[in-house]
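Data block below; observations after.
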Amino acid sequence: MKLKLSFAFATSVIVALAVNAMATVMPVSADFDGDSKTDPAVYVPENGLLQVMLSNYGYAVGSVNMLPGCIMIPGDYDGDNKIDPAQYNSESGMWNIPMSKNGYVPICGYVPQGAIPVPGNYDGDGKTDPATFEVNSRTWTVYLSGGEYEAIPFQFPQGVSGDVLPCPGDYDGDGVTDPAVYIPDTGNWMIMMSGNGYAVHTESYIGPGGIPVVGDYDGDGKVDPSQYYPKQWGKKVAGKWNMVFSSFGYGEDGVYYDIFSPGGVPIVGDYDGNGMDDRTYVNQSSWEVTLTYAYNPTMVQYHVFKFPTIP
């Protein structure tokens with residue numbers, strides 16, 4: 001079985017950048033029990049608690065004590081088709097990766113401080129590669145597992161004003177993660193597609209504002225540019241989730257949106273195991289996870305999971 005890698009790990013970080021504060025409860029997107037379904041999970045940076053509702057076990061809640069003050073970046077770092085609950089500390093630059101192949105004994109490594117983690121399968125070898133995006137320099141650095149973790153930099157154009165938010169994903173469907181950024185002020189997406197020699201492709205799909213929440217919402221093997229609006233932007237109301245489907249040629253016929261209650265944290269994952277990513281919303285006050293299944297408006301289903309809160 002080949003694990004489907006979700007590109008939602010950067011979403012919590014991007015939300016924190018958008019609201020200028022670290023989320024008190026950060027959603028985590030990964031298939032922890034290996035049943036091809038994303039499991040609802042939340043991480044508490046203050047105390048390091050990771051809570052997971054395992055879909056293969058009736059969504060029973062399991063708790064794991066991880067390092068506090070980090071960002072969860074789960075992935076298959078050792079290529080054994082099992083998710084490794086990795087973490088990144090932006091202040092120290094430390095990657096803490098408990099690999100399942102080694103009995104979850106943590107392996108630590110260090111990269112430059114202050115960057116945003118953007119791991120992915122950048123060399124197509126089936127292993128998650130550590131990677132970071134440095135906002136000020138616009139530098140995307142990948143540490144390839146197939147190249148003894150040598151640093152490979154990708155440079156996005158300079159001179160772009162305002163926020164530049166990373167949104168990695170497989171945009172061309174070749175099985176390799178592509179570096180990409182979204183600029184909220186202009187609405188432009190800048191994508192370096194591996195299948196096109198990593199030339200920078202710039203496109204505006206939905207318009208300005210919001211934060212990127214990429215996922216394969218139509219199940220065609222390509223991630224779809226999507227934006228979530230945590231606060232009102234022009235005529236776009238707070239809580240709006242816009243998607244543009246690659247299977248529709250990114251045209252107007254492929255535009256769809258949901259409205260969630262504002263103030264929460266969005267996350268993406270395939271929670272029903274049908275090969276299409278679902279929109280998910282985490283309420284930080286109530287610790288409720290709301291899942292939205294299916295992209296067809298006539299087939300939308302909602303499910304709410306409630307995590308036990310921590311005193």
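The values are calculated or read from the model by the stated rules, or taken from the named source; none is laboratory data. These numbers come from a predicted model, not from an experiment. Surface accessibility is based on the protein's heavy atoms, side chains included, excluding ligands, DNA and RNA. Shrake-Rupley method; radii C 1.70, N 1.55, O 1.52, S 1.80 Å.
A few remarks follow.
- In the range 24-155, the portion of solvent-accessible area held by carbon and sulfur atoms comes to 52 percent [1.4 Å probe, whole percent, DNA, RNA and ligands not counted].
- Long-range amide H partners of Leu49 with built H, under 5 Å: Val44, Met66
- Counting only protein heavy atoms and a 1.4 Å probe, the range 23-160 has 41 square angstrom of accessible area per residue.
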